[in-house]
Amino acid sequence: MNIISKFTVGSEEGISDLITIIDSSVYAMHRELVPEENIKKYIENDIDPRKMINDLNDLSNQLIIMYADDQPAGYSILKSGSGHPGLSEGKRTTEISFVILPEFDSPETRESLWKKCRSAASFTEIIWINMMVHDPLLEFLKESGFTLVADAAAGPFQLPSQILKFEIIKG
């Protein structure tokens, strides 16, 4: 499998690939916990391409899309300066999302996306994420050096989650 993770701009193609991943991942992540009609309603009403383009054109945000054999397979959005109350005050923080579609989830795809994220966030001191507890990528992030900050709720249906942080040690 040919895997590449690359920076993507808020163009029509980039947003189209992002929405393809979001729609599939929202369904995959929630189908056993939330009624299907609620998921469909969320996808139809709350995923707004114009808002995404505006968000991605904000210079403090970056989008990385991971492709597997030229198919959009995962993404990460980095939001610089996005803090969380449970994190160290006075440090530069970056919030990330980290999503890989189940059919493309493998050690290679995880490493590709994480390596690109880590590189993109090298300017910050703390990377943090709010990850649902039933997300299969949660353990990968913990194995990659993330530590638990707090229990929380995440996603469109406010399901149980964990706030994790990764401290970047400057050498």
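The values are calculated or read from the model by the stated rules, or taken from the named source; none is laboratory data. Just so you know, these numbers come straight off a predicted model, no measurement behind them. So basically every Cβ, Gly included, is an ideal-geometry build from the backbone, and we count neighbours across all protein chains shown.
Note on segment 82-110: residues that are of a type in the set (Gly, Ala, Ser) and modelled with pLDDT of 95 or more amount to 2.
On the basis of being more than 21 Å from SER16 (Cβ to Cβ), at pLDDT 95 or above and touching a Ser or Thr at 6+ places or on another chain (Cβ under 6 Å), does ILE126 make the cut? Taking the combined requirement at face value, the residue does not satisfy it. If you go through segment 111-130 and pick out every residue that is within 12 Å of the chain's Cα centre (by Cα) and crowded, with 21+ Cβ neighbours inside 10 Å, you end up with 6. If the condition is being touching a residue at least 24 places away in the same chain (Cβ under 8 Å), more than 15 Å from SER119 (Cα to Cα) and not basic (Lys, Arg), then segment 84-96 contributes HIS84, GLY86, LEU87, SER88. Within segment 17-37, the set of residues being without any contact (Cβ under 8 Å) to a residue 12 or more places away in the chain and assigned to a helix (DSSP H, G or I) comprises GLU36, GLU37.
Checking the structure you have, find out if any residue of segment 51-69 is of a type in the set (Asp, Glu) and either assigned to a helix (DSSP H, G or I) or free of Cβ contacts under 8 Å to residues at least 40 places away in the same chain (or both). Yes - at least one qualifying residue is present in segment 51-69.
Per this entry, ASN2 is counted among residues that are within 24 Å of SER119 (Cα to Cα) and surrounded by fewer than 19 Cβ atoms within 10 Å (Cβ to Cβ).
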